[in-house]
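Here's the structure we're looking at; comments come further down.
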Amino acid sequence: MHRSQSLRAGLVSLVILAVFLTVWHLATRGTGATAGMDPEYAKLMGLTATQGKSAMPGPLDVAATLWGHLSDPFYVRGTNDMGIGIQIGWSIARVAAGYLLAVLVAIPVGFLIGMSPLMSRALDPFIQIMKPISPLAWMPLALYTIKDSGLSAIFVIFICSLWPMLINTAFGVANVRKEWLNVARTLEVGTFRRAFQVILPAAAPTILTGMRISIGIAWLVIVAAEMLVGGTGIGYFVWNEWNNLSITNVITAILVIGLVGMVLDQALARVARLVTFPE
Amino acid sequence: MTEKPLISIEGIARRYPAPGRQTTTIFENLWLPIRRGEFVCMIGHSGCGKTTVLNILAGLDAPSDGEVIVDGKAISGPSLDRAVIFQSHALLPWRTVLGNVAFAVKSRWPKRAKEAIEEQARRFIELVGLGGSERKRPAELSGGMKQRVGIARALSIEPKILLMDEPFSALDALTRGTLQDEVRRICLDTGQTTFMITHDVDEAIYLADRIVLMTNGPGARIAEIVENPLPRERSRIDLHRHPHYYALRNHLIDFLVTRSRTLRDQPADGHDPRHPPVVRPSAAPELVVTTPGDAATLPLAAAHKH
Ligand SMILES: Nc1ncnc2c1ncn2[C@@H]1O[C@H](COP(=O)(O)OP(=O)(O)OP(=O)(O)O)[C@@H](O)[C@H]1O
Ligand SMILES: [Mg+2]
């Protein structure tokens, strides 16, 4: 029953994909040379107009480009011409650095806030103000103070990953079931053991939800951040290919961004499943 | 009573702030000694403060007035000497049965080797009849099995005092009966001092040596203490065949139905909170063992050792 349902769902997914690709293919197919066009305008528009070729690449063009990129992802032919694998690698490395820094700050501080109602109320106004700031708004300040574009991108990732993790950790820790804490109290469990063997496992599912939200936001933000700072990374690659008017490359990059984002999310979902306990 | 009681509740009260700078008194001036090896049940209507009393005994809550003396020392917080069996079993869901019990054992003897800790945990899991389920998680257990794990966890630290808050109220009658048998057997075998809260009159009759009756709240007090006239060797199945059974049961029911309210509004004449009346219902007309300030009833009481 369950298996046949997932089989059917997979089938429907394939059908939707096929319909989408067909429509895309038909919509971008050449329309034939256009006669009667103002020659000046035709010259301006180049091949698009004169040979009836659509400006949008079709699925076959994208597939060919994607194959090209995937078969040689790590080449370096100068600062502006590197394989998509290298660009993605830069982005992942920046996200990883900023994200791990955020984990190191958010989880201990979140613990503190969750355990202490005083700290919770004291820090609340700061969190409330900092949380809604778009991470990119920090960019000029980061560039000015850090004076390094790569580090600034990492800082922006750090800032945007921080809040969901901090808030979820504090919430998870503050809402550990009273009865579990009472068990620890009646057993005279020490502070350290209580934190690591009662509160942490009890709050872990909530903390991981925060971590999963954070990695999603971080991956959204890195593309925008790299468009701003330039140099390397998948965001820069997209911007660069736009400047080259290579829409095929842009679409390919979009696909790759989506795939990597999905992998990151699924990896954290798997960890979350490990620490979730049924009640 | 020459022997010093193991637990002595001395004039405790619990008050909560109420709107308008007032306070509500849940109960006050509660006095109760509990002897070593005794099984005491507390009965009273919902909201009269039974759980609060138990939490104070456990050290999870502090009284607004008075204090609780255990073994000659006023308690100042939770202690491994006083194990609690929670109404909601309160197992850690991310740990297995063995993990839950071993967590308690490890808390009691932190320096013990892992094998010795697991050995002790297994012994008590076996004792409550859960041998073979050590690797299961609480979510895989039935309500009765979870409560057994809670009992094993509490007993595994070999506490001086066992505190139970309606431990069986969420279970079906059959499971409840079996668990009552087990708890009674274990407590008798080990001479465990036990304080238990219950709503179930028959449970109290079967398990308790003495039954403490609380009046309704707010402002609850101990109305009287009922001594169980049934012999120590009693079985759950033919409890009702005992000549004193109905006298005892009627006395308790009568208290819950009417006197728990009337005694709050109008305390009995000469009611002394330090020495609430001790009653021993029996098939013969009710026997009042001691009523302070009322010497007339004492000739009957002379038959007892008080
Ligand atoms: N934090 C609190 N603030 C104010 N009142 C409280 C608080 N906690 C408990 N109470 C009151 O104390 C009274 C006693 O509560 P308690 O839980 O001890 O009752 P109980 O006798 O155990 O009832 P039940 O049989 O339903 O478990 C209740 O009337 C409750 O409203
Ligand atoms: Mg209660």
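Subtracting the Cα-Cα distance of A:Ile16 and A:Ala64 from 0.36 nm times their residue separation leaves 15.1 nm of extension gain. Measuring between alpha carbons in the structure, the pairs from A:Lys178/B:Lys106; B:Lys4/B:Lys160; A:Lys131/A:Lys178 lying more than 24 angstrom apart are A:Lys131/A:Lys178.
In a Gaussian network model over chain A where Cα atoms closer than 10 Å are linked, find which of A:Phe237, A:Phe158, A:Phe171 has the largest mean-square fluctuation. Among A:Phe237, A:Phe158, A:Phe171, the largest GNM mean-square fluctuation belongs to A:Phe171. Comparing A:Val19, A:Val263, A:Val238 in a Gaussian network model of chain A where C-alpha atoms under 10 Å apart are linked, the largest mean-square fluctuation is found at A:Val19.
The mean count of C-beta atoms from other chains within 10 Å of the C-beta of residues in A:193-205, rounded to a whole number, is 2. As a proxy for reagent exposure, B:Arg82, B:Arg241 were ordered by neighbouring Cβ count within 10 angstrom, fewest first; the result is B:Arg241, B:Arg82.
What length, rounded to one decimal in nm, is gained on full extension from B:Lys160 through to B:Asp189, with 0.36 nm per residue of separation minus their alpha-carbon distance?
Working it through step by step, the gained length comes to 9.0 nm.
Among A:Ala218, A:Ala253, A:Ala202, the largest mean-square fluctuation in a Gaussian network model of chain A (Cα springs under 10 Å) belongs to A:Ala202.
The mean sequence distance of close C-alpha pairs (under 8 Å, at least 6 residues apart), as a share of the length of chain B, puts its relative contact order at 21 percent. Under 13 Å from a point placed 7 Å out from the Cα of A:Val76 along the Cα-to-Cβ direction: which residues of the stretch A:220-242 have their backbone N that close? Residues passing the 13 Å test: A:232-233. Between B:Ser76 and A:Leu220, the FRET efficiency from the beta-carbon distance, with R0 = 60 Å, is close to 0.70.
Loop-resident GluC sites (Glu not before Pro) (DSSP state other than H, G, I, E or B) in the stretch B:176-250 with no more than 16 further Cβ atoms inside 10 Å of their Cβ: B:Glu233. When peptides A:190-196, B:97-103 are sorted by average Cβ neighbour count within 10 Å, with the highest value leading, the order is B:97-103, A:190-196. Rounded to 0.05, the FRET efficiency of the A:Thr145 and A:Arg121 pair, given R0 = 41 Å and the Cβ-Cβ distance, is 0.85.
Give the average, rounded to an integer, of partner chain Cβ atoms located within 10 angstrom of each Cβ in B:90-98.
For this peptide, the per-residue mean of nearby foreign Cβ atoms is 5.
Here the spin labels are modelled as points 7 Å beyond Cα on the Cα-Cβ line, and at B:Lys4 and A:Leu112 they lie 4.7 nm apart.
The stretch A:63-79 and the stretch B:88-102 have Cα centres lying 54 Å from one another. Taking all C-alpha pairs of chain B, those more than 27 Å from each other amount to 44 percent. Entry note, the protein assembly as shown: the mean residue ellipticity at 222 nm calculated from DSSP H runs of n ≥ 4, each adding -39500 (n - 2.57), is -17000 deg cm²/dmol after division by the residues and rounding to the nearest 500. Modelled this way, with points 7 Å down the Cα-to-C-beta line, the labels at A:Lys131 and B:Thr23 are 3.8 nm from one another. Take each residue in A:265-277, count the other chain C-beta atoms within 10 Å of its C-beta, and the mean is 1.
Distance from the C-alpha centroid of the stretch B:163-237 to that of the stretch B:8-46: 18 Å, rounded to the whole angstrom. Working from label points 7 Å from Cα in the Cα-to-Cβ sense, the B:Ala113 to B:His240 distance is 5.4 nm.
Throughout, read-outs are computed from the coordinates displayed, never taken from laboratory work. Quick caveat, the model's predicted, so the values are computed rather than measured. Here the Cβ is made from the backbone with ideal geometry for all residues, glycine too, and neighbour counts use every protein chain on show.
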